[in-house]
Amino acid sequence: MSEEDEFTLVPITEEIDLHSFSPRDIPSLVDEYLKEARLRGFTTVRLVHGRGKGVQRAVVRQILASHPGVLSFDDAPEVAGGWGATLAKLAPLDRAPESFKK
């Protein structure tokens, strides 16, 4: 297994800090994180993407906008990261499309 093929187990909490992940991994990481967060019953999660140039923020928001388990999202309050983090409200699993529950 090469270094590129290795994976990291990420604890599923109500917050994920994306700084340590490669940009190419963010779409699949965020998708899996959202699924697992919903399985654990979280209704709101915080995705920390940083302020920088806003590229990572845009990627995260594009994923959230099209994810079937996300009801809404917005910048975190200033005390929780402001525009360097995004809060996402998640739909309960009983409201998920059938394809998402599998």
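None of the figures in this text is laboratory data; all of them are computed from the coordinates on show. Given the structure is predicted, the values throughout are model-derived calculations rather than measurements. Counting neighbours? That spans all protein chains shown, and the Cβs are built from the backbone with ideal geometry, glycine included.
Between Arg51 and Asp17, what is the spin-label point distance in nm, taking each point 7 Å from the Cα along the Cα→C-beta axis?
About 1.7 nm separates the two model spin labels.
What does the charge count near Ala65 come to, summing +1 for each Lys or Arg and -1 for each Asp or Glu among other residues with Cβ under 15 Å from its Cβ? Each step should come with its number before you reach the end.
On the way: positive: Arg57, Arg61, Lys89; negative: Asp31, Asp74, Asp75.
Net local charge, Ala65 excluded: 0.
Can you tell me how region 1-93 classifies by the Cα gyration tensor, rounded, prolate or oblate, using a/c under 1.5 as the rounded cut?
Numbers: a/c = 1.72, a/b = 1.17, b/c = 1.47.
Here region 1-93 falls in the oblate category.
Rank the residues Val55, Val48, Val60 as a footprinting-exposure proxy: fewest other Cβ atoms within 10 Å of their Cβ go first. Walk me through the intermediate numbers first.
Numbers: Val55 11, Val48 17, Val60 22.
If I rank by nearby Cβ atoms, fewest first, I get Val55, Val48, Val60.
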